[in-house]
Amino acid sequence: MNLPICTKDAKEGKLCSKCKQKLESNEINQVDVELSRILFRLAEKETIPNEINLVKTKTIKENNKKDKETVLALVEGNPAVLIGRGGRIIRLISEKLGKDVKVIKNGSPVQIINDLASPVRACGINILYRTDQSEEKYITLPKERKNKVGISVEKMEKLINKLTDEKYKIKYI
Ligand SMILES: [Zn+2]
């Protein structure tokens, strides 16, 4: 299991100087640390398998629900093992962290959108170059399958921009 902090820290519940430095320089955040410990302990108890890596987390505020925060956990491996049957595992993790956790498989922006919009797949990325040299990046989805997508354009944009630290727009074409 690869985590944003070293295994020793995840096990012992404190941070070595190297990981502390990462936290202080904002290379990792406090939620990365807390979630790493939770996942490590769950793997130790064999509630989840070891073959899952946490890449990073990003926290977003939900507009419609006041003060409600959702943690996006970007993982490598099969995200389903963190969700569990009927969402049992993800509920447990969310409860331990005290925040709603959403697991997203690490990948390119298009792959992430494919997961969010599943079963609909993105058509690709279009880049629009403006006369002032700026560019706008669009990830496009097929318009005729829009009713199969269970997530809004606004939400997909918010998630992808937060996860990639880049600006993408989502467009049905
Ligand atoms: Zn460490």
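At a glance:
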read-out: So residue 30, is it farther than 23 Å from residue 103 by Cβ, in the same structural domain as residue 94 (by TED's automatic domain parsing) and among the polar types (S, T, N, Q); value: no
read-out: Test: residue in the stretch 124-132 that is loosely packed, with under 11 Cβ neighbours inside 10 Å, modelled with pLDDT under 95 and among the charged types (D, E, K, R); value: yes
read-out: Complete set of residues in the stretch 150-173 that are without any contact (Cβ under 8 Å) to a residue 40 or more places away in the chain, touching a strand residue (DSSP E or B) at 6+ places or on another chain (Cβ under 7 Å) and among the hydrophobic types (A, V, I, L, M, F, W, C); value: 153
read-out: Residues satisfying the stated conditions in the stretch 59-76, i.e. of a type outside the set (A, V, I, L, M) and either at pLDDT 95 or above or crowded, with 20+ Cβ neighbours inside 10 Å (or both); value: 76
read-out: Qualifying position, being outside any helix (DSSP H, G or I) and outside the structural domain of residue 56 (by TED's automatic domain parsing), among 144, 136; value: 136
read-out: Answer residue from the stretch 28-56, given it is more than 12 Å from the ligand (Cβ to nearest atom) and part of a loop (DSSP other than H, G, I, E, B) and is nearest to the chain's Cα centre (by Cα) among those; value: 29
read-out: Condition met for residue 84 (surrounded by fewer than 17 Cβ atoms within 10 Å (Cβ to Cβ) and in the same structural domain as residue 33 (by TED's automatic domain parsing)); value: yes
read-out: Some residue of the stretch 97-104 being surrounded by 13 or more Cβ atoms within 10 Å (Cβ to Cβ), more than 23 Å from residue 152 (Cα to Cα) and not acidic (Asp, Glu); value: yes
read-out: Some residue of the stretch 8-23 being away from the ligand (no atom under 16 Å from the Cβ), within 25 Å of residue 81 (Cβ to Cβ) and either hydrophobic (A, V, I, L, M, F, W, C) or part of a helix (DSSP H, G or I) (or both); value: no
read-out: Check on residue 106, more than 16 Å from the ligand (Cβ to nearest atom), of a type outside the set (Val, Ile, Thr) and touching a helix residue (DSSP H, G or I) at 6+ places or on another chain (Cβ under 9 Å); value: yes
read-out: Selected residue (criterion: nearest to residue 38 (Cα to Cα)) from residues of the stretch 91-109 that are touching a residue at least 12 places away in the same chain (Cβ under 8 Å) and among the basic types (Lys, Arg); value: 96
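The values are calculated or read from the model by the stated rules, or taken from the named source; none is laboratory data. Since the structure is predicted, the reported quantities are computational estimates derived from the model, not experimental observations. Positions of Cβ are backbone-derived with ideal geometry, glycine not excepted, and every protein chain shown enters the neighbour counts.
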